[in-house]
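The structure appears below as C-alpha cells.
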Amino acid sequence: MSNAVSASKVRPALDLLYSDTEQALAGALDDLLSQRCSPAAVLARTEQPEAYDVALWKALAAEIGLAGLLIPEELGGAGASCRELAAAAERLGAHLAPVPYLGSAAVATATALAAAKSATRPSPGQQEAGIAADLLRRLADGTVTAAVAVTAVAMPAGKFPAAVQLSGPQPGDAAAGILRLRGRIDSVPDALPADVLLVPAEGVPNGLYLVEATAPGVHRVPVTSLDMTRQLCDVSLDGAPARQIAVGASAAAAVEAGLVAGAVVLAAEQLGLAQRCLDMTVAYGKERHQFARQVGSFQAVKHRLADLWATITQARAASRYAAACLAAGDPDTAVAVALAKSACSEAAVTAAQECVQLHGGIGFTWEHPAHLYLKRAKADSIGFGTADAHRAALASLVDLPAK
C-alpha cells in the first residue's frame, strides 16, 4: 500500500498572515490609543481609585466596535472572528489599555454565544437562549459590560467551577423565573467595571447564570493586584437573584468556550506587549550613547535583542495559529491554545525583563513605563493557566510521555 496521503485527507493550511481587515483594525486602534492611552496617562490612572478607563472603553466600543466583534450581525455585532479579536488584543496589550476588553469582549461574549447556541429549542431552553441573545445585543452596542465569574488562573479543559451553589428561593422567585446563588469567587478579572456577571454554579445538574452586578446580595471587593492596569476583585454572592442561561453539558461547554477564547486573546495581548517592549528597547539602544557609541551597537546588547526578536517571532506564529484554529473551528484548537499560551507567556515576561534591564537606570524608575509592562507580563503569565500548566496539557494532547 502506498504511504502517500490522499489529497482529500490533507487539511488545508491556515493563513496566519494579517488580513487587510485586521491591519485596518489595528491601525484604527493605534490612532485612538496613541491619543487616549499614553504611558503617562496609564501610569497616572494606576494611582487613582478607579484603574479602569471607562470612557476609553465606551469610545472603543462605540467608535471602533470592539465590544461586538464576535457577536453576529443579526444581534448587532460585527460578525467577526477570533482572528480580529486577537489582532485587536495585540494593540491593546502594546498600549497597556486599562479597559475590560479581555473579560467582556472575549471571555463573557464567547461564553454567552456558546450558551445561546447550545440552549435547547423547547422551553425552558428557548427562554434561556432568549436571555443570552438579549445579553449579546446589549454587549454589542457597548451599553453593557460583562465578566465571567471565574478565578483569573482558571484554564481550559479543567473542572467545572464550583465555588457557587444554588440557595433557597424567596417568595415570588418561582413566578419571576429567578433563582438564588450563594458563594464566593476570588480574584476575578475585569469584574469591577462589569454590569453583568455570568456565574457558573454547582447544582444537579450544574448551570450558568446571569446576575446583575448591582443586584442585592452581590458584593465586589477590589484585590491588590500586581498588574495595576487590570484590577482583580473578589465576588461574593449572598442569595443574589439570577437567571439561568445554560444547564448541564451546555453550561460546561459555554464556560469552556469562554476560557478557550480568553486564553487565545490573552496570548495575543502578551504578543503585543512583547513586541512593544522590543520596539521600545531597540529605540532606546539607538538613542542612548555610552563611551561615544550607541548602546545598541555593543555586541552583547545586539545578541540579547536578536534572541528576543527570535523568541517573539516564534510566539507570533503560535498566537496567530491559535486564533486561526479557533476562528475556523479546527480540531487542532486545543493543541494550538496550549502552545500559544505557553509560548506567549514566556515571550512577554522575557521581553519585559529585557526592557527593564536594557534601559539601564531609567528602566528601574517609577516614571518610566517599563515596570508597567513587566507587571502586566507577570500577571498575564498566570492568567488562564501558567506556561507550565499549558505545557503539561500540551504533552497530554500530543501523547508525549512524561519523564
**Request:** Please enumerate the residues belonging to the stretch 257-301 that are at pLDDT 95 or above, in contact with a Gly (Cβ under 9 Å, 6 or more places away or on another chain) and either among the acidic types (Asp, Glu) or not in a helix (DSSP H, G or I) (or both).
**Result:** 269
**Request:** Exactly one condition in (1) crowded, with 24+ Cβ neighbours inside 10 Å; (2) modelled with pLDDT under 95; (3) under 18 Å from residue 52 (Cβ atoms) is not met by residue 142; state its number.
**Result:** (1)
**Message:** Please go through (1) out of contact with any Leu (no Cβ under 7 Å at 6 or more places or on another chain); (2) in a loop (DSSP other than H, G, I, E, B); (3) at pLDDT 90 or above for residue 162 and return the number of the only condition it doesn't satisfy.
**Reply:** (3)
**Complete:** From the option list 400, 339, 326, single residue qualifying as open to solvent by 50 Å² or more (accessible area, probe 1.4 Å), outside any helix (DSSP H, G or I) and either in contact (Cβ under 8 Å) with a residue 12 or more places away in the chain or of a type in the set (A, V, I, L, M) (or both) is 400
**Request:** Considering every residue within the stretch 238-252, establish whether at least one is open to solvent by less than 10 Å² (accessible area, probe 1.4 Å), assigned to a helix (DSSP H, G or I) and of a type outside the set (Val, Ile, Thr).
**Result:** yes
**Prompt:** residue 13 fails exactly one of the following numbered conditions: (1) free of Cβ contacts under 8 Å to residues at least 60 places away in the same chain; (2) farther than 26 Å from residue 355 by Cα; (3) aliphatic (A, V, I, L, M); (4) in a helix (DSSP H, G or I). What is the number of that condition?
**Reply:** (4)
**Request:** State which residue is modelled with the lowest pLDDT when the search covers only the stretch 93-116 and only residues that are closer than 26 Å to residue 199 by Cα, more than 11 Å from the chain's Cα centre (by Cα) and open to solvent by 10 Å² or more (accessible area, probe 1.4 Å).
**Result:** 116
**Subset of the stretch 68-90 [open to solvent by 10 Å² or more (accessible area, probe 1.4 Å), touching a residue at least 40 places away in the same chain (Cβ under 8 Å), over 15 Å from residue 344 (Cβ atoms) and part of a helix (DSSP H, G or I)]** = 75, 83, 84
**Complete:** Scanning the stretch 160-177 residue by residue, the ones that are of a type outside the set (Gly, Ala, Ser) and either over 15 Å from residue 208 (Cβ atoms) or open to solvent by less than 20 Å² (accessible area, probe 1.4 Å) (or both) total 5
**Request:** Under 6 Å between Cβ atoms, at least 6 apart or on separate chains: pull out the pairs that start in the stretch 237-250 with a residue that is over 10 Å from residue 182 (Cα atoms) and end on any residue that is among the polar types (S, T, N, Q) and surrounded by fewer than 24 Cβ atoms within 10 Å (Cβ to Cβ).
**Result:** 250/118
**Residue tally, condition open to solvent by 10 Å² or more (accessible area, probe 1.4 Å) and either in contact (Cβ under 8 Å) with a residue 60 or more places away in the chain or in contact with an Asp or Glu (Cβ under 9 Å, 6 or more places away or on another chain) (or both), over the stretch 343-353** = 3
**Request:** Please work out which residue is nearest to the chain's Cα centre (by Cα), limiting yourself to the stretch 354-363 and to residues that are surrounded by fewer than 24 Cβ atoms within 10 Å (Cβ to Cβ), touching a residue at least 60 places away in the same chain (Cβ under 8 Å) and within 18 Å of residue 96 (Cβ to Cβ).
**Result:** 354
**Which listed residue is without any contact (Cβ under 8 Å) to a residue 12 or more places away in the chain and surrounded by fewer than 24 Cβ atoms within 10 Å (Cβ to Cβ), from 63, 47** = 47
**Asked** Is it the case that residue 12 is open to solvent by 10 Å² or more (accessible area, probe 1.4 Å), more than 28 Å from residue 197 (Cα to Cα) and over 20 Å from the mean Cα position of the chain (by Cα)?
**Response** yes
**Request:** Go through the stretch 364-380 and give me each residue that's part of a helix (DSSP H, G or I) and either under 27 Å from the mean Cα position of the chain (by Cα) or on the phi > 0 side of the Ramachandran plot (or both).
**Result:** 370, 371, 372, 373, 374, 375, 376, 377, 378, 379, 380
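Can you report the number of residues in the stretch 206-233 which are open to solvent by less than 30 Å² (accessible area, probe 1.4 Å) and either part of a strand (DSSP E or B) or modelled with pLDDT of 95 or more (or both)?
10
Please count how many residues of the stretch 16-63 are in a helix (DSSP H, G or I), hydrophobic (A, V, I, L, M, F, W, C) and under 24 Å from residue 316 (Cα atoms).
Filtering the stretch 16-63 down to residues in a helix (DSSP H, G or I) leaves 20-36, 39-46, 54-63.
Filter once more, so that each one left must be hydrophobic (A, V, I, L, M, F, W, C): 24-26, 28-29, 32-33, 40-44, 54-57, 59-62.
From the residues that got through so far, the ones that are under 24 Å from residue 316 (Cα atoms) too are 24-26, 28-29, 32-33.
Of the residues in the stretch 16-63, 7 are in a helix (DSSP H, G or I), hydrophobic (A, V, I, L, M, F, W, C) and under 24 Å from residue 316 (Cα atoms).
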**Qualifying position, being of a type in the set (Ser, Thr, Tyr), at pLDDT 95 or above and either surrounded by fewer than 19 Cβ atoms within 10 Å (Cβ to Cβ) or over 13 Å from residue 275 (Cα atoms) (or both), among 311, 333** = 333
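The values are calculated or read from the model by the stated rules, or taken from the named source; none is laboratory data. Everything quoted here is computed from the prediction, not taken from an experiment. Don't worry about glycine lacking a Cβ; one is built from the backbone with ideal geometry, like all the others, and counts go over all protein chains shown. SASA here: full protein model, heavy atoms, side chains in, ligands and nucleic acids out. Shrake-Rupley method; radii C 1.70, N 1.55, O 1.52, S 1.80 Å.
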